[in-house]
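Data first, discussion second: the structure below is written as structure tokens.
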Amino acid sequence: MSTWSLEKCETISFPRINDNRGNLTFIEGQNHIPFPIERFYYIYDVPGGAERAAHAHVNLHQVYIAMSGSFDVHLDDGRQRRTYSLNRSYFGLYICPMVWRHIDNFSSNSVLGVLASARYDESDYIRDYGQFLERISAE
């Protein structure tokens, strides 16, 4: 059985400083999230009806944040599935390694920000769901 599971994935509430001039939220690696931040990227201008992700990572830890708008994140560890609706920039979704994810229901002008524990490495991706299931059943 895999050492990773949906039980380790969770929403994280980030600090908020409320001000009538506009609010501020900050995120510190290894303080607000359980890893040092090695990479940040964002996904935007997603066409209506499109889906993103549809993969798992072998070693990478990530936090997804709805920087603007909203979307649904579907997680699957091979035993159970959960859906998280992200729509506030002061919440993040921590996703541990070896959890399949896909994202859909993007609202207009949504922006998905991603904090990652490592730089891009194609060899860390599992892009075939059948191979993902084989790999986790072998662990």
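The values are calculated or read from the model by the stated rules, or taken from the named source; none is laboratory data. Keep in mind the model is a prediction, meaning the values are calculated, not measured. Quick reminder, even Gly has a Cβ in these numbers, built from the backbone with ideal geometry, and neighbours come from all protein chains shown. The accessibility values were calculated without ligands, DNA or RNA, using every heavy atom of the protein model including side chains. Shrake-Rupley method; radii C 1.70, N 1.55, O 1.52, S 1.80 Å.
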Over the chain, with every protein chain in place, what whole percent of the accessible area is carbon and sulfur at 1.4 Å, could you tell me? 45 percent
Checking the a/c ratio against 1.5 first, then a/b against b/c, what shape does the Cα gyration tensor give for segment 1-63? oblate
Sequence ranges 96-104, 50-58, 15-23, 28-36, ranked by mean other-Cβ count within 10 angstrom, highest first: 96-104, 50-58, 28-36, 15-23
Work the Kirkwood hydrodynamic radius out for the chain: mean of 1/r over every pair of different alpha-carbon atoms, inverted, in Å. 15.6 Å
Between Ile37 and Met67, what is the spin-label point distance in nm, taking each point 7 Å from the Cα along the Cα→C-beta axis? 1.1 nm
With Cα atoms, 0 to 90° folded angle of helix 129-138 axis to the chain main axis: 70 degrees
Counting only heavy atoms of the protein chains, get the accessible area per residue of the chain (1.4 Å probe) and round it to a whole Å² value. 56 Å²
Segment 42-129, dipole about Cα centre (Lys/Arg Cβ +1, Asp/Glu Cβ -1), debye to the nearest 20: 260 debye
Mean residue ellipticity at 222 nm from the helices of the chain, using -39,500 (n - 2.57) per DSSP H segment of n ≥ 4 over the full residue count, to the nearest 500 deg cm²/dmol? -2000 deg cm²/dmol
Given the Cα-Cα distance of Ile17 and Asn105 and 0.36 nm per residue of separation, how much length would full extension add, in nm? 28.8 nm
